[in-house]
There are 2 protein chains.
Amino acid sequence: MSMSEAPISAEAAVIVGGTIAIDHVKTPEAEAADLLGGSAAYAALAASFFSRPVSLVGIIGHDFPQVHLDMLEDRGVSLDGVERSESESFTWSGEYHANMNERTTHRVGLNVLENWQVKVPASSAAAQIVVLANMSPDNQIEMLTQCGLGPANGGTPDSRFVVADTMDLWIEIANERLHEVLPHLDLFVLNEGEARELAGTSNLVRAGRILLDKGPRHVVVKLGEFGAMLFSDGGEIFRASAWPLEAVADPTGAGDTFVGAMAGYLAAQGPPPYSAAQLRQAVVQGSILASFTCEAFSTRRLEALTRADLEQRLQHFRQATHW
Amino acid sequence: MSMSEAPISAEAAVIVGGTIAIDHVKTPEAEAADLLGGSAAYAALAASFFSRPVSLVGIIGHDFPQVHLDMLEDRGVSLDGVERSESESFTWSGEYHANMNERTTHRVGLNVLENWQVKVPASSAAAQIVVLANMSPDNQIEMLTQCGLGPANGGTPDSRFVVADTMDLWIEIANERLHEVLPHLDLFVLNEGEARELAGTSNLVRAGRILLDKGPRHVVVKLGEFGAMLFSDGGEIFRASAWPLEAVADPTGAGDTFVGAMAGYLAAQGPPPYSAAQLRQAVVQGSILASFTCEAFSTRRLEALTRADLEQRLQHFRQATHW
């Protein structure tokens, strides 16, 4: 996909804050080092398929590969909000097992992330869609504040749309703070295990309703190879399956891709609020884009992806789920 | 649903062979004893929602509750193929845990099943659809033979349609014999874990293709709360999600319900072969009927179910998956 295919505006409609990482990934079949990783990197790249520029907010170290930054800029991801530190970059090393749903983390190097506080560039603080990709709830609240939203600013007006992701770590060590984020979200996205844990129930439908009660207008529970469920505050449920992938090369970042693609797709529909139909489309676009992420290490498949590839899989997905 | 709602013919279009059990089930919330159970009992009852009579083949002991037999007959299930033994009935006692996907078997009383050999009544041996519900591959082959099909009769002609289920036990202790069944099947149904085990791969799409290579024309992998996947020998895949259940009372028999409903639905469409569209509809009908099975102990919810209930949920399911 060339840059000219996504609608381009002067200012970013989407701002994405979160981690930017150097990943080292091993799978049963291969291994690769110095890969682009991090929740915000995946989400920003995914959003850029639908709406450009995307403002990326995060921090990198002196050792961060320039090739990754060039790739992102080339895809319409603005790096004005990426802080450069003299410390070392955040890194993650992990290994996937024969069942690609299970992985072992070998090493996490927090480095620049220690004591990091998010800094939103003034030029994109008013972005219509704010994506709080996976990062500490402290930083999520800080980003909301700097975007003129959240508890310090009396909530989110209907003209803005806030999307957030999280992870098991924050549910465990920053549960209260995470609960302060939730009432300010239009869309809260988390995976199956996290949903069960945060809601305190094994039933996913009940979990979805319990999570809605915590404040978000919409909740998406990601089910990995089994798709996703969208719960909305009117009680409506959307159940999407996933593209049946015959080979998974590296699932890292699939969930972040999903979140970013939803945000980018919605931004391309114009200003909020968004209809149920638009949110459902966003879930499907997110799910399909995430399926591509799984097909190669890191963002490599997304980098090579064309709009035609995406459209074709969407069409095949419709055929594969039609009855 | 009254009997008059399903099309009635003089001879059974569907014959179902397998186990008929007395179940004792405990869940985190309740407990019930002397329940109707067994693969063939669930499957025959499910099939009877779509096509009547259904010929049930199995064995029961002297202690089998008459109330269950009366219920089945009342639903158009013919008991001519149910052998009565002076021994005790096959029983299963199990307990579901907080996550209703996990269960512990407390006791299996094989009783009448020891040395049981299936006996197909002459009046329904020519049934258009033959369902080999979960039972030993030996008995599955014997049933095929008595129905004029299978290895002893040169396979399955296009005018008949054979559906089979299995379980992890047979994959482990009767693997070769199970492989003798597979080439004679039009539709092989098994659950996710069984598919991974029998195919020897963790990827479900690859598993589906590997299972097709073993001979069946179509393979359905049941995914429990995540729906099902249908693989057909032309390479086509159908991905169906499941009805989002907010409360699961007892999932026992949901998979057997699924198999029986598929068979019954197809029988109601007329003689085989069946189109891809008909098979997809059968998967959805099976999935929705199975969702009702989970809502109460044993067959209790199915016993109270009306055609209108089923139609309404199908409509809601279409709405919940539309995009």
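The values are calculated or read from the model by the stated rules, or taken from the named source; none is laboratory data. Remember, it's a predicted structure, so these values are computed and weren't measured experimentally. We place every Cβ from the backbone using ideal geometry, glycine too, and count neighbours over all the protein chains shown.
General observations
- Exactly one residue among A:Ala276, A:Ala263, A:Ala308 is away from every other protein chain (no Cβ under 14 Å) and out of contact with any helix residue (DSSP H, G or I) (no Cβ under 9 Å at 6 or more places or on another chain), and that residue is A:Ala308.
- The single condition from (1) part of a loop (DSSP other than H, G, I, E, B); (2) polar (S, T, N, Q); (3) over 18 Å from the mean Cα position of the chain (by Cα) that A:Asn134 fails is (3).
- Test for B:Glu246: is it in a loop (DSSP other than H, G, I, E, B) and either more than 11 Å from chain A (Cβ to nearest Cβ) or surrounded by 24 or more Cβ atoms within 10 Å (Cβ to Cβ) (or both): no
- Any hit, the stretch A:219-231, residues being of a type in the set (A, V, I, L, M, F, W, C) and away from chain B (no Cβ under 11 Å): yes
- Yes/no for B:Ala247 being without any contact (Cβ under 8 Å) to a residue 60 or more places away in the chain, touching a Leu at 6+ places or on another chain (Cβ under 8 Å) and under 18 Å from B:Cys294 (Cβ atoms): no
- Selection of first residues in the stretch A:101-124 that are in contact (Cβ under 8 Å) with a residue 40 or more places away in the chain and of second residues that are part of a loop (DSSP other than H, G, I, E, B) and aliphatic (A, V, I, L, M), restricted to Cβ pairs under 6 Å at least 6 apart or on distinct chains, gives the following pairs, ordered by first then second residue: A:Ser124/A:Ala12.
- Test for B:Ala282: is it buried (at least 21 other Cβ atoms within 10 Å of the Cβ), within 12 Å of another protein chain (Cβ to nearest Cβ) and out of contact with any strand residue (DSSP E or B) (no Cβ under 7 Å at 6 or more places or on another chain): yes
- Residue within the stretch A:288-298 that is surrounded by fewer than 18 Cβ atoms within 10 Å (Cβ to Cβ) and at positive phi present: no
- Close Cβ contacts (under 9 Å, 6 or more residues apart or on different chains) running from residues in the stretch B:81-95 that are closer than 21 Å to B:Thr252 by Cα to residues that are aromatic (Phe, Trp, Tyr) and part of a loop (DSSP other than H, G, I, E, B) comprise B:Ser89/B:Phe64; B:Phe90/B:Trp116.
- Selected residue (only one of B:Thr156, B:Thr166, B:Thr145 is under 22 Å from B:Ala254 (Cα atoms) and among the polar types (S, T, N, Q)): B:Thr166
- Of all the residues in the stretch A:79-90, those that are within 26 Å of A:His106 (Cα to Cα), part of a strand (DSSP E or B) and touching a helix residue (DSSP H, G or I) at 6+ places or on another chain (Cβ under 7 Å) number 1.
- The condition of being over 21 Å from B:Ala41 (Cα atoms), in contact with a strand residue (DSSP E or B) (Cβ under 8 Å, 6 or more places away or on another chain) and among the polar types (S, T, N, Q) holds for only one of B:Ser241, B:Ser298, B:Ser275, that being B:Ser241.
- All positions within the stretch B:151-171 that are in a helix (DSSP H, G or I) and either closer than 18 Å to B:Met229 by Cβ or in contact (Cβ under 8 Å) with a residue 12 or more places away in the chain (or both): B:Pro151, B:Asp168, B:Trp170, B:Ile171
- Odd one out for A:Ser93 among (1) in a loop (DSSP other than H, G, I, E, B); (2) over 19 Å from the mean Cα position of the chain (by Cα); (3) modelled with pLDDT of 95 or more: (1)
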